[in-house]
Structures are given as C-alpha cells and as structure tokens.
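Enquirer: Take a look at this one; I'll ask things after.
Since every read-out is calculated from the coordinates, none of them should be taken as a lab result. Keep in mind that this is a model prediction, so the values were computed, not measured. Every residue, glycine among them, receives a Cβ derived from its backbone with ideal geometry; neighbour counts consider all protein chains shown.
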Amino acid sequence: MKLTFTIFFIFIFKFSFGQEIKVLDFNSNAPIKNVSISIDEKFIGYSDDLGNFKLNEGIGYTFISFSHLSYETLSIKKEHFNEQIVYLVSKPETLDEVEIEAKKKYSVRKAIFGGLKVSAGSNLGWNTKVVTFIPFKEEGKITKLTYQLVDMLGVKGLKYLKFKANLYSIDTLTRLPKQKLIKEDIITSNKNGDRVYSLDVSKYNIQMPKEGVFVAFIILSYDEYDIKVVMSKQGQICATPAIKTRVRKNKEKRFSLQCSKGYFDSKLNYKWSKIDKWNKIDDYFYVMGLEIDEARK
C-alpha cells in the first residue's frame, strides 16, 4: 500500500537581483548543496556546499525552479520571487518505491550494474552530461553499456527519447573523466522501452581498465529534440530522456559526476561552453553500467 502525503511549500523571501540565493532545508534549516536551479526550464547552475547560488542581475524570466533528488521541486513565478532565502521540503518516503534488480546469468559474460534500492528518476537539461564510475572487478572485453531509462512525474515517453552514450577513462589523481574510449559519442535511443536498455559496443574492442571506467549518458542539444518542454505533475520539464538514480550507500565505490555546459554571457545570452566542468554527486548515482565478456583463464 502506498502512503500518500500532502506537501505544502513554505518559503520566505528577501531577494534582490545580483545577490545570492540561499537554499535551506525547511525542517533543519541546513543548507542544501547541488540544488539544480533553472529559469523557464533553462538550467543555470547548482547551489554550492553552503546552499548559495548567485543569480546574475538583469536576467529576464517567467519563473524560477529549484529541484533536488531528495526534495520536492519548487517553482516560483517571477512576480512572487523577491527574497533571498528559499526553503525546500524533503520528499516523503513511500513503501512502493523499492525495486529489486533483475538477475541474469551469463556463461562467460558478466553484468556490472548498479542495483536498485531506494530510487527515483532524474530529468536532465539539454547538453548535460552525466557519468557513473564502474570499478574494476574482472578482466574482459566490454560488450554492452546498460541504462535504466524511465518516465517520471506523470510524463509518458521520456524513456524512448534519444541520447548519446560513451565510455571515459578515469584520471586516477583527480578522479574525473580523462578521455573518451569511443572516439565519437554514439547517438542511440531505447526504442522498445526496455526496463534495462543495452547498447552493444563489442565492435570497439575495449578492455575493462584496471583503474575502472566511467559510463556516460549525454543529453543532446536543444535543437535536436522536436518537442522542447512538456507539462508534468510538478510543472513544465525538459522533454529529454530521464534516467534512474540510486541512493548511494556508505563506502559505495560507484559515484556519479554531472557536467552542464550552459551559461549566460555578459549580454545575458544563453551559450554553450566547450569546457567540461564536472560536479561530483555525493548522495546518489545514476543507474547505468556495463557488461563484459570475462577473460578466459
């Protein structure tokens, strides 16, 4: 039985353009980091470790949104937004959000994949790239990349939309993606709506690195999607593919990084950067992985 809770958004405002917004937990008053902030569904950045984010003076918009995996999304119309502190209310726990990963047996093939415990989905903005680190377990050839693509917030069809896939080596010093292991990103889509979408990469003959590897999930640019935004249960969201997330356990070796290249220039035009600036996600990781053909002993 699913337990349903009614959530009321409560927030206090004291904001003026050019000043920092501080995002806090409504119950604990603690700062919330990695809150995704968007204006009119265009991603503009994340709150820092102290929950702060600076909105540039003079940006025109209709509404501003604050979203985080662990909190209810908050969208505020511009005419109602004139404060400096924003409070988010944590999401209630529900009994039917627990899923068990399907197990498959392979003769000489082994799947390395993040199982699901407490999980949700994440809808990403255009030109956003996320990676999940897969630690080394066995020697062998990487044959498939796997993704848990989902519909979310009452919107049907997100899991069918196209995206790009790739693999990255890891910089052992910085723990950041180092270089692509497949020269060109692969454009693909989950056409059949499979629960676990598998992409065959066996032709690239990539051996599982002993340092581990990043699996990449990349949202295409704004112009490459026919429909730009859709209406969900929580307001408008980007019409881009959504991927499952899983709460990260203590000492969990898997972790995810996110990179969004969107920014505003000095004339307040939305631009795309050529520089990858990766942000580590501490609380959860994106559920994607790989399959290998184990090296015969």
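Enquirer: Scan around G193 for amide H atoms under 5 Å from its own, H built in the peptide plane at 1.01 Å from N, and keep only partners 5 or more places away or cross-chain.
Expert: For G193, no residues qualify.
Enquirer: Given a cut-off of 32 Å, name the pairs among K137/K233; K22/K249; K159/K249; K22/K233 whose C-alpha atoms lie farther apart than that in the structure shown.
Expert: Details: K137/K233 41 Å; K22/K249 27 Å; K159/K249 26 Å; K22/K233 26 Å.
Distance filter (> 32 Å) returns K137/K233.
Enquirer: Expressed in nm to one decimal, what extension gain is obtained for the pair K156 and S232 from 0.36 nm per residue of sequence separation less their Cα-Cα distance?
Expert: This chain segment gains 26.4 nm when fully extended.
Enquirer: Quickly work out the K78-to-S202 label distance, labels modelled 7 Å from Cα along the C-beta direction, and quote it in nm with one decimal.
Expert: Here the modelled spin labels are 5.5 nm apart.
Enquirer: Spelling out what I want: for every residue of region 166-183, take phi, set θ = phi - 60°, compute 6.51 cos²θ - 1.76 cosθ + 1.60 (Karplus), and round to whole Hz; glycine and proline get x.
Expert: Result, ordered by residue: 6, 10, 10, 6, 10, 7, 5, 7, 8, 6, 10, x, 9, 8, 5, 9, 10, 4 Hz.
Enquirer: Moving on to the next point. Step through the residues of region 234-251 one at a time and calculate ³J(HN,Hα) from phi using the Karplus curve (6.51 cos²θ - 1.76 cosθ + 1.60, θ = phi - 60°), rounding each to whole Hz and writing x for Gly and Pro.
Expert: Ordered by residue, 3J(HN,Hα) equals 10, x, 6, 9, 5, 7, 10, x, 10, 10, 5, 10, 10, 4, 7, 7, 4, 6 Hz.
Enquirer: How long is region 168-267 along each principal axis, judged by its Cα atoms, biggest number first, in Å?
Expert: Taking max minus min along each principal axis of the Cα atoms, region 168-267 gives 44, 40, 33 Å.
Enquirer: Shifting gears a bit: For region 173-227, taking Cα atoms only, what is the radius of gyration to one decimal and the Dmax to the nearest whole Å?
Expert: 14.2, 41
Enquirer: Just to verify a number: FRET efficiency for Y61 and I85, C-beta to C-beta distance, R0 = 25 Å, to 0.05?
Expert: It comes to 0.85.
Enquirer: Continuing with this model, one more query. Using mean Cβ contacts within 10 Å as the protection proxy, how do 145-153, 168-176 order, highest first?
Expert: Numbers: 145-153: 21.3, 168-176: 13.8.
The densest-packed peptide leads the list: 145-153, 168-176.
Enquirer: Which whole-Hz ³J(HN,Hα) couplings does region 40-52 yield from phi under the Karplus relation 6.51 cos²θ - 1.76 cosθ + 1.60, θ = phi - 60°, glycine and proline marked x?
Expert: Whole-Hz 3J(HN,Hα) from phi for region 40-52: 6, 6, 9, 5, 10, x, 10, 6, 7, 4, 9, x, 9.
Enquirer: Amide H to amide H under 5 Å from M152: which residues, 5+ apart in sequence or cross-chain, H placed 1.01 Å off N in plane?
Expert: L158
Enquirer: To continue, here is another question. Please state the charge dipole magnitude for region 132-253, taken about the Cα centre, from unit charges on C-beta atoms (+1 on K and R, -1 on D and E), reported in debye and rounded to the nearest 20. Working shown, then result.
Expert: Working: 23 positive and 13 negative charges, 95 e Å.
The calculated dipole for region 132-253 is roughly 460 debye.
Enquirer: Distance check, please: which entries in K54/K162; K156/K203; K144/K191; K178/K280 exceed 22 angstrom between their Cα atoms?
Expert: Cα-Cα > 22 Å for K54/K162; K156/K203; rest within.
Enquirer: So who's got an amide H within less than 5 Å of the one on I182, skipping anything under 5 residues away but keeping other chains? H placed 1.01 Å off N, in plane.
Expert: It is L167, by chain and number.
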